[in-house]
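Note sheet for the following structure.
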Amino acid sequence: MDSADDARRWRRRDRASTAGLLSGPLLWLLLFFLAPVIYVAVYSVGGIKIFPNDTGVLSLGDWKHFLVGGSVYMGLFWKSIRIALTVSVIVVILAYPVGYFLALCAKKRKYVLLLLIIAPFLTSYLLRVLAWEVILGDSGVVNAFLSAVHLRSPDHPVTWLLNSQFSVILVLAYVWVPFVALPIFVSLDNLDGSLLEAASDLGASRLRTFLRITLPLSLPGVIAAFVFVFVPTIGEFVTPLLVGGPRGYMYGNAIADQFTKSTDWQTGSVLAMFLLLVVAALMVLFGRYVRVRSVAA
């Protein structure tokens, strides 16, 4: 009996200590994540009155106008989806060889090279993005080089290098490649080397070994890297604001402008909640895909 009572007391202590440890983070999430999301969701349907011109009456009018009323914001959303897809594909294509080299070729030097790849994160994100204005501007490094080799007149610089969709895609790809190389590196670094040796012993070429063994086994890391880029890029607004100009304007910029440059916070709430729902749906689909693959494996 004493041992049973001691076990029950230990279980109660474990539950109490677990609840104590989790109460702080859960309270933080409740106050600074869940409560604001609920507040924005209720405000998007007019359930809360903030400004004098708000009706405070529940209505789906703004949602209806956004979804089926030919809203310009829906076109902007699909533009952001297109840019996010382009950036994600480019980043994965560029980052895969980096991860492959670090995991399978660098050997003893791979962790030193990994530190060099991570090094850009030690500097400010804004400084790294703003540096591209110096490189891509009308009087920047690229146009100065083109002028020096007489490929372009100094009076007629290449204007689409900056303040365009091209500059947004280029800078976002530059920002994301070091970050995305990490999950690909981890996926490749965990490969069973005996499989590659067996393929070589059986006469498979390097290309065939890569297509039949390396790529399929590293696919979870590739998909994770794609999602890591695609999801945040949909709502990106800092990079388009700095280097995109009017032609690089994205969905995230529209949300920010609704709350900073106008007082139409209800429309901004609708845009923000729609983006949140899309991102949540994408994460659920990705989670289900990963579970299906793990079960199949």
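The values are calculated or read from the model by the stated rules, or taken from the named source; none is laboratory data. All of these numbers come straight from a predicted model, not from anything done at the bench. Every residue, glycine as well, gets a Cβ built from its backbone with ideal geometry; the counts of neighbours run over all protein chains shown. To get the accessible areas, we keep the full protein, side chains included, count just its heavy atoms, and leave off ligands, DNA and RNA. Shrake-Rupley method; radii C 1.70, N 1.55, O 1.52, S 1.80 Å.
Couple of notes before you dig in:
- Subtracting the Cα-Cα distance of Ala131 and Asp201 from 0.36 nm times their residue separation leaves 20.3 nm of extension gain.
- For the chain, the relative contact order works out to 24 percent when only alpha carbon pairs closer than 8 Å and six or more residues apart are counted.
- Cα-based shape type of the stretch 1-118, given that a ≥ b ≥ c are square roots of the gyration tensor eigenvalues and the cut on a/c is 1.5: oblate
- Full-extension gain in nm, Asp155 to Leu58, via 0.36 nm per residue minus C-alpha separation: 29.2 nm
- Shown for the chain are the DSSP H helices of 18 Å or more along their axis, judged by Cα atoms, with a mean Kyte-Doolittle hydropathy of at least 0.5: 72-100, 165-189, 215-234, 265-296.
- Per residue Cα convex hull volume in Å³ - calculated over the chain: 261 Å³
- Formal net charge of residues neighbouring Ile169 (Cβ-Cβ distance under 13 Å; K, R +1; D, E -1): +2
- Positive contributions from Lys and Arg (+1) and negative ones from Asp and Glu (-1), summed over other residues with Cβ under 15 Å from the Cβ of Gly245, come out at -2.
- Dividing the summed helix terms, -39500 (n - 2.57) for each DSSP H run of n ≥ 4, by the number of residues in the chain produces a 222 nm estimate of -22500 deg cm²/dmol to the nearest 500.
- Averaged over its residues, the chain has an accessible area of 61 Å² per residue, based on protein heavy atoms and a 1.4 Å probe.
- Rounded percent of accessible protein surface that carbon and sulfur make up, the chain, 1.4 Å probe: 70 percent
- Kirkwood hydrodynamic radius (C-alpha pairs) into Stokes-Einstein, the stretch 97-212, 10 °C and 1.306 mPa s, D in µm²/s: 91 µm²/s
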